[in-house]
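Beneath this line is the structure, given in structure tokens, with notes to follow.
The values are calculated or read from the model by the stated rules, or taken from the named source; none is laboratory data. All values reported here derive from a predicted model rather than from experimental measurement. Cβ sites come from the backbone with ideal geometry, for glycine too, and all protein chains shown count toward neighbours.
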């Protein structure tokens, strides 16, 4: 025999309906959204792009966003506002870079795809693992952070240009000892110092795009640095190539790049 659930008391339903009406009230919603715009940080914090990182604030924000009702919600806006403030304060306290200047390093392996087609999956995987150990150790040893892995390359962030360049040169040197199926990988690396937008666990914006283009403009075995990077380098023990314009779509016409190597 099926149990019959007791009807909800009228008083409780009235309270619930009143709470929903209050939570969806247009004037209160507008007030909550206006309040979020006055807070420091990203007023749209809570969307998938802004919460893609692995820091606690990103994890909590994903959980809060998953509880979004199928209607506009004042309490949801206020909850995300609190997380927006948390995110901003953590950046100001040094646990995130936010809008601060950073040096972005992009690397990738030249000719890897063509070689992998001939060498096969097992050799390609072995090579990527060996390269990953060398590159990620060089990044970590110089105070950098791996932002994301890009197939046969990485994007890494550093607080200053000098350690970014030193990490790239150390990685280039380390790769010379790797041989898989008779093949030694050739890496290109590009570094740009600017102020990209930090969103979730990633960096976006003009300066991130420039850094990627600098990486693409490097030759096999080369470390290429933008003029904003070179301007802040201590060049003792380093050799700089001739400054040249980077002719790549999406880069400023005035941007100049130089190769950096050991003397």
Quiz item: Does the stretch 152-167 contain any residue that is surrounded by fewer than 20 Cβ atoms within 10 Å (Cβ to Cβ), modelled with pLDDT under 95 and assigned to a loop (DSSP other than H, G, I, E, B)?
Solution: no
Quiz item: Among 254, 263, 222, which is at pLDDT below 95 and touching a strand residue (DSSP E or B) at 6+ places or on another chain (Cβ under 6 Å)?
Solution: 263
Exercise. Taking the residues in the stretch 238-263 that are in a loop (DSSP other than H, G, I, E, B) and touching a helix residue (DSSP H, G or I) at 6+ places or on another chain (Cβ under 6 Å) as candidates, determine which candidate is surrounded by the fewest Cβ atoms within 10 Å (Cβ to Cβ).
Key: 250
Practice problem: Restricting attention to the stretch 197-233, report how many residues are without any contact (Cβ under 8 Å) to a residue 24 or more places away in the chain and assigned to a helix (DSSP H, G or I). | Solution: 1
Quiz item: Taking the stretch 186-199 on its own, how many of its residues are surrounded by fewer than 22 Cβ atoms within 10 Å (Cβ to Cβ) and either touching a helix residue (DSSP H, G or I) at 6+ places or on another chain (Cβ under 7 Å) or closer than 20 Å to residue 139 by Cα (or both)?
Solution: 3
Quiz item: If a residue has to be touching a helix residue (DSSP H, G or I) at 6+ places or on another chain (Cβ under 7 Å), without any contact (Cβ under 8 Å) to a residue 60 or more places away in the chain and either crowded, with 21+ Cβ neighbours inside 10 Å or not assigned by TED's automatic domain parsing to the domain that holds residue 225 (or both) to count, how many in the stretch 102-133 make the cut?
Solution: 1
